[in-house]
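Step one of this worksheet: look at the structure below.
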Amino acid sequence: MSTIALLGLSGCGSATVGGGGSPARAKWVSPVVTTPDGGQLRTTIYYGPWQCSAAFLSRCESKCAAQGHALMGCMWLADIKGDWQGRYLFMPAEAGGRLAITHCCCDYPAIANVKQQRTKWNNARAAFREDWARDYGAWPAGKDPWPGHHIFDLAHGGPATAADNILPVPGDVHDVFNKEYPACYAPGGKWLTPGPSRPYVD
């Protein structure tokens, strides 16, 4: 997995800026990793879920409509923050940015082969974690390795092993995600109500 793959995880979001709101539900800070250009990268992931901002809801509505579907809700799952330090034109330099990880809950039909998709992921999980570790340090863990959350869920056709569809998530946060996904796909729920543009503080 490459850094570009990680930063491509967004379902319908874009760069965001940390700001108002309450602290994130959880946070993961990577070890410092050397980048191919000789710089150093630290990745921080802030976890929700939060209600999508009006802009993210609008993007999701357009995405669903382009696929011939209606928008049922939008979940802002996490924010990924990257901080890079290195040299540019022989001078010390710093750069960084944030990427919102969101999921558009379009009215996709449920798929019939969820069990086979889960088996496919289970068989690939160890290798996926090793790939992650090469770019970001050891796969996050507490007592046990964190689950890999499928942003576009398997039940509605999300790819089982695509690098840009899997995010490491603390177990308790993963439980919240799994509880809220059905509500996001249900009509008239809170996930169709706009939230703030800056839902958490660093």
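Tabulated data
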{"item": "Some residue of the range 107-130 being open to solvent by less than 30 Å² (accessible area, probe 1.4 Å) and closer than 26 Å to Ser53 by Cβ", "result": "no"}
{"item": "Those residues of the range 81-98 which are open to solvent by 100 Å² or more (accessible area, probe 1.4 Å) and basic (Lys, Arg), in sequence order", "result": "Arg87"}
{"item": "Number of positions in the range 156-177 that are buried (at least 16 other Cβ atoms within 10 Å of the Cβ), farther than 21 Å from Trp50 by Cβ and of a type in the set (A, V, I, L, M, F, W, C)", "result": "2"}
{"item": "Every residue from the range 178-192 that is open to solvent by 80 Å² or more (accessible area, probe 1.4 Å), more than 12 Å from Cys106 (Cα to Cα) and touching a residue at least 12 places away in the same chain (Cβ under 8 Å)", "result": "Lys190"}
{"item": "Residue, most open to solvent (accessible area, probe 1.4 Å), within the range 140-153, restricted to residues that are within 19 Å of Lys63 (Cβ to Cβ) and of a type in the set (A, V, I, L, M, F, W, C)", "result": "Phe152"}
{"item": "Qualifying positions in the range 193-202 - open to solvent by less than 30 Å² (accessible area, probe 1.4 Å) and either within 26 Å of Asp135 (Cβ to Cβ) or assigned to a loop (DSSP other than H, G, I, E, B) (or both)", "result": "Pro199, Tyr200"}
{"item": "Index of the failed condition, Ser53 passing every other in (1) surrounded by fewer than 15 Cβ atoms within 10 Å (Cβ to Cβ); (2) among the small types (Gly, Ala, Ser); (3) at pLDDT 80 or above", "result": "(1)"}
{"item": "Residues that are modelled with pLDDT under 85 and either over 16 Å from the mean Cα position of the chain (by Cα) or not in a loop (DSSP other than H, G, I, E, B) (or both), drawn from the range 1-30", "result": "Thr3, Ile4, Ala5, Leu6, Gly19, Gly20, Gly21, Ser22, Pro23"}
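The values are calculated or read from the model by the stated rules, or taken from the named source; none is laboratory data. Every value quoted in this text rests on a predicted model; they were computed, and no experiment measured them. All Cβ positions, glycine included, derive from the backbone under ideal geometry; neighbour counts span all protein chains shown. Just so you know, the surface numbers come from the protein's heavy atoms only, side chains and all, with ligands and any DNA or RNA stripped out. Shrake-Rupley method; radii C 1.70, N 1.55, O 1.52, S 1.80 Å.
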